[in-house]
1. Given the stretch 203-280, report the % of alpha carbon pairs whose separation exceeds 21 Å.
2. Please report, in cubic angstrom per residue, the volume enclosed by the convex hull of the alpha-carbon atoms of the stretch 218-353.
3. So for the stretch 1-45, what are the equivalent ellipsoid semi-axes in whole Å, largest first, each being the square root of 5 times an eigenvalue of the Cα gyration tensor?
4. Separation of the stretch 1-72 and the stretch 292-338 by C-alpha centroid, Å?
5. Under 10 Å from the Cβ of Leu204, count the other residues' Cβ atoms, weight Lys and Arg +1, Asp and Glu -1, and hand me the total.
6. Excluding residues fewer than 8 places away in the same chain, name every one of the aspartates and glutamates whose C-alpha is closer than 14 Å to that of Lys38.
7. Around Asn161, under 12 Å between beta carbons, what's the net of Lys plus Arg minus Asp minus Glu among the other residues?
8. R0 = 35 Å: FRET efficiency of Glu111 with Ala257, Cβ-based, nearest 0.05?
Amino acid sequence: MEKKVDYLIVGQGLAGTFLAFQLMQKGKSVLVVDKGLKYASSRVAAGVINPIVLKRFTITWRAKEFLKYNPSFYKKLDTYLGNQYHFDLPLKKLISSQEEIDFWEHRYHKENVSDFINRKLIDAGNEILPAQNFKVGTVKQASWLNIGELLPDFRSRLIQNNSVLEEDFDFSFLQKNSYKKIEFKTIVFCEGARGKYNPLFKNLPFSLNKGQLMTVKSDQLPSNCLLKKKVFILPAAKGEFKIGATYSWKWDTSSEAAEHQIEEEKTDMLKSYMKEMTSANYTVSKIETGIRPSIKDRRPIIGQHPDKKNVYIFNGLGSRGCFMAPLLVDEFIGHAEHGTALHPEVNLNRYNT
Ligand SMILES: Cc1cc2nc3c(=O)[nH]c(=O)nc-3n(C[C@H](O)[C@H](O)[C@H](O)COP(=O)(O)OP(=O)(O)OC[C@H]3O[C@@H](n4cnc5c(N)ncnc54)[C@H](O)[C@@H]3O)c2cc1C
């Protein structure tokens, strides 16, 4: 064998990256196989971390646990790569009707929502060039992960360490403890949307959805907060903002290029939603799409293959990977290494595969 590793990881999206990092931190050797799929969700993700569902003002699943775990994880990752990728960023919800004002007040008093939002609404200042007479409500504990730089930087480290195979994983070479010339103890599939076609984990109830994100340049939009109404306006780099995101449940899946195709009607939608929020001038610099790896019950799907004891899956991060993945990766390692029980709502064994 050319190389022996503890873990072979298939996929270097957010899931594979965080898993490789945490395993390395725990002294395990890893090798990652990644093809660089064009429609991978992590290539497009904006990196917004928001503990509240802003349509209904409900607290997201396990929000408090993730909020508690994330800062130290992201700090460790920043230190490892020698750069800052995770930033606190106040989220400002634009509110345009009395009904919305009443709903904000109503929800403030329910289910500990007061831990996550400021009660007081303020007038939208001129700095956001509001398109109407908005009030602004602030969501606390929101943040931003610069995933667009984080993943390529982590990949460079893997390449330096000779720990990545840049190819499509070929199942015909997979043996019990080896893949081509690599011997492994454990293999973990972190394939995102492509997991739907994994022959070892058949019939998983994926509910994939396609998202589109628009990048714009502007010297009039605010760079110190994330604005949200029907879409978000996220300051991502100096004078650059990400606008998104959209959801589609039907698209052409005939090829990788087709899956990656831009949806013109969604671009128009993003522009019109942005017009409802602000009168700031901007120019569009990029439009991208990706397929979110969601599961029907909207929970991740993590666990051990029912028959092959050294084969695992870590998938189903859906639209909140940046929020959930750090703690879930830690729980996964506890499970794979020490047999610690997984959270029942993420465990693969809730489905027949
Ligand atoms: C438009 C859009 C906006 C989003 N915004 C946010 C956001 O603001 N905040 C947030 O938390 N989440 C966001 N998401 C969701 C986020 O992208 C996902 O939760 C997360 O990135 C999923 O990561 P993953 O590693 O599971 O899958 P993926 O990102 O799909 O990664 C899978 C990886 O596996 C590789 N791969 C797959 N199969 C193979 C194979 N057979 N051989 C070799 N390599 C393979 C692919 O090349 C890819 O690199 C957004 C998604 C979209 C589409």
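1. 36
2. Taking only Cα atoms, the stretch 218-353 has a hull volume of 160 Å³ per residue.
3. For the stretch 1-45, the ellipsoid semi-axes come out as 22, 13, 5 Å.
4. First find each Cα centre; the distance between them is then 10 Å.
5. Net local charge, Leu204 excluded: +3.
6. Leaving aside aspartates and glutamates fewer than 8 places away in the same chain, those within reach of Lys38 are Glu166, Glu167, Asp168, Glu191, Glu256, Glu259, Glu288.
7. +3
8. Efficiency computed from Cβ-Cβ geometry: 0.20.
The values are calculated or read from the model by the stated rules, or taken from the named source; none is laboratory data. Just so we're clear, the structure is a prediction, and the values are computed from it rather than from any experiment. Neighbour counts are summed over all protein chains in view; Cβ atoms, including those assigned to glycine, are modelled from backbone coordinates with ideal geometry. Each accessible area value is taken on the protein alone, full model and side chains, heavy atoms only, with ligands, DNA and RNA left out. Shrake-Rupley method; radii C 1.70, N 1.55, O 1.52, S 1.80 Å.
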